[in-house]
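The values are calculated or read from the model by the stated rules, or taken from the named source; none is laboratory data. In this text the structure is predicted, and so the values were computed from the model without any measurement. Heads up, the Cβs are rebuilt from the backbone with ideal geometry, glycines too, and the neighbour counts pull from every protein chain shown. Surface areas here come from the heavy atoms of the whole protein model, side chains and all, with no ligands, DNA or RNA. Shrake-Rupley method; radii C 1.70, N 1.55, O 1.52, S 1.80 Å.
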Amino acid sequence: MDGIELRHIIHQNPELSFEEHETQKVLKSAIEDLGSKAYPVAKTGLIVPIANDKDEPYVLLRSDMDALPIKEQTEWEYASKNGYMHACGHDVHMAVMYETLKSILKEKVKGNFIFVFQPAEESGGGAAHVIEEIKNLYKIKCAIAEHVTDEYEFGTLACRPGILFASATEINLTFKGKAAHIAFYKNGIDAIMTGTDFLTQFYKVNFESKVLAGFGKVFGGNARNIVADTFELQGTIRSESLEKTQNVIDKISEMAGKSCDKIGATFSLRKGSVYPQVRVDEKMFQSFEKTISKSDFKLDLCDMKYTGEDFGFFSLEYPSLMFWAGTFTGKNKAGLHNPLFLPDDKIIEPLAKFISFYVKNLLGLK
């Protein structure tokens, strides 16, 4: 099986976080047909260790596996059949890493490698689960991953040393009041009024540099003629570090407390998923830059992106490099998490060849 055929199968049958059972089976079968062993990890993921030297640490190459609850609108002949969609390109990531695995096996590249097909990147922090399971079993030298995007043209690889992707933290801020019939309004404590007072303060705040914070979903109350006893705001914080994120959370708590004091309500603040920032190792970036100069690709030295990525867990644990791989070919520019996002099959083989080339350069191999 080649990477394109694998991509077609997976794209038609996308699965959500920690539900990647069929994806796992398809990958396992394809990988074991190559003569390698694939072992379950983090429930629905796979690891493929290739050990050529028992004394050497492993180069980790990661691909994510999960899809999104989005109904595909591409009308592609291999479009999703089940109402979910690989709208973030994880089907391409799997195909690229499968082709990279094939290349390393075929060329008998010296060194130890562990390919990680990781579940639950979109939600659930699957990377953290993988690391917990493998950290005492394999000594990891470094970690590598790519992410496709039609923000850049095909042939462009975007990266930067330092923070590439911001940390991403979900927050749920809930105000608690007291219900009462609207005819007896003064007997209640209006949670919606409390939340509105908070939002008035919140939107006046200028947070420190490289910080984005906002609320995208709000709901509360039980009936149109009852004073709302609850009002919940759901939002996200993106920043260059979890320390900066905590500063924002502290500020939000301070403002929420002031609003509650005015009206007599209370509040609670709960974190959802927390993804750390993705840090690109300086030495790995230098090797990446040299590899690009010897390839048909070109480098875009990009700014930090406010995209969340759970590869950040790997970059906290090991020297790491992640990069954007441009997919735009002059048509179908839609953006990630869009029902029309559809990278062309033709990008798979060149990206796999580049990653193999980069790995060899990184290890000082010819």
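So what's the angle, to the nearest 10 degrees on a 0 to 90 scale, between helix 90-107 and the longest Cα principal axis of the chain?
It is inclined by approximately 20 degrees.
With a 1.4 Å probe and all protein chains kept in place, how do Arg238, Arg270 rank by accessible area, largest first? Each step should come with its number before you reach the end.
Working: Arg238 65, Arg270 135 Å².
Sorted descending by solvent-accessible area, the residues read Arg270, Arg238.
Return the tail of the calculated pair distribution for segment 1-96, meaning the percent of Cα-Cα pairs more than 21 Å apart.
Summing the P(r) of segment 1-96 above 21 Å gives 33 percent of all pairs.
Just Phe18, Phe198, Phe311 to compare: in a GNM of the chain, with alpha carbon springs under 10 Å, which one fluctuates most?
Top of the fluctuation ranking is Phe198.
For Trp76, Trp324, write out the residues from largest to smallest accessible area, computed with a 1.4 angstrom probe and no ligands counted.
Trp76, Trp324
Of Lys244/Lys294; Lys244/Lys290; Lys108/Lys346; Lys25/Lys298, which ones are farther than 27 Å apart at the Cα?
As for pairs spanning more than 27 Å Cα to Cα, those are Lys244/Lys294; Lys244/Lys290; Lys25/Lys298.
Once the whole set of protein chains is in place, how much accessible area is left on Glu289, using a 1.4 Å probe, in Å² to the nearest 10?
Per-residue accessible area (Glu289): approximately 90 Å².
For the pair Tyr185/His21, report the inter-label distance in nm, with labels modelled 7 Å from Cα in the Cβ direction.
5.3 nm
Can you tell me the dipole magnitude for segment 182-255 around its Cα centre, using point charges on the Cβ only (Lys, Arg +1; Asp, Glu -1), in Debye to the nearest 20?
Details: 8 positive and 9 negative charges, 48 e Å.
My answer is approximately 240 debye.
Largest first, how would Asp190, Asp91 line up by accessible area (1.4 Å probe)?
Numbers: Asp190 25, Asp91 0 Å².
Ranked from most to least accessible, the order is Asp190, Asp91.
Please build a GNM for the chain, connecting alpha carbons under 10 Å apart, and tell me which residue among Leu101, Leu173, Leu351 fluctuates the most.
Highest fluctuation among the options: Leu173.
Looking at segment 46-92 from every direction and averaging, what is the projected area of its Cα convex hull in nm²? Present the calculation step by step, with values, prior to reporting the outcome.
Working: hull surface 18.6 nm².
Mean projected area for segment 46-92: 4.7 nm², to one decimal.
Nearest 500 deg cm²/dmol is fine: what mean residue ellipticity at 222 nm does the chain get from its DSSP H runs of n ≥ 4 alone, each adding -39,500 (n - 2.57), divided by its residue count?
Taken over the chain, the calculation gives -10000 deg cm²/dmol.
Provide the solvent-accessible area of Met97, counting protein heavy atoms only and rolling a 1.4 Å probe, rounded to the nearest 10 Å².
0 Å²
Rank Leu173, Met322, Leu137 by how far each Cα sits towards the positive end of the charge dipole of the chain (+1 on Lys, Arg Cβ; -1 on Asp, Glu Cβ) and give me just the farthest.
Leu173
Let me know the Kirkwood hydrodynamic radius for segment 316-366, please, with Cα pairs as the basis and the value in Å to one decimal.
Taking every pair of different Cα atoms in segment 316-366, averaging 1/r and inverting gives 13.4 Å.
Determine how large the accessible area of His147 is when every protein chain is in place; take a 1.4 Å probe and give Å² rounded to the nearest 10.
Per-residue accessible area (His147): approximately 10 Å².
Report the dimensions of segment 40-164 along its three principal axes from the alpha-carbon atoms, largest first, rounded to Å.
50, 34, 33
Among the listed pairs Lys102/Lys353; Lys43/Lys135; Lys54/Lys139; Lys178/Lys204; Lys217/Lys333, which have their C-alpha atoms separated by more than 19 angstrom in this model? Let's see the in-between values first.
Working: Lys102/Lys353 10 Å; Lys43/Lys135 16 Å; Lys54/Lys139 10 Å; Lys178/Lys204 28 Å; Lys217/Lys333 27 Å.
Going by Cα-Cα distance, Lys178/Lys204; Lys217/Lys333 fall outside the 19 Å limit.
Relative to the Cα centre, what is the charge dipole magnitude of the chain, using +1 at the beta carbon of each Lys and Arg, -1 at the beta carbon of each Asp and Glu, and rounding to the nearest 20 debye?
660 debye
Which value in Å is the Kirkwood Rh of segment 227-366 over different Cα pairs?
Here the Kirkwood hydrodynamic radius works out to 19.1 Å.
How tilted is helix 282-293 with respect to the longest principal axis of the chain? Cα atoms for both, answer in degrees (0 to 90, nearest 10).
On a 0 to 90 degree scale, this one is about 60.
In degrees, nearest 10, range 0 to 90: what is the angle between the Cα axis of helix 21-32 and the longest Cα principal axis of the chain?
Between helix and principal axis, roughly 20 degrees.
Given a 10 angstrom Cα cut-off, can you work out which residue in Gln201, Gln12, Gln234 is the most mobile in a GNM of the chain?
Gln201
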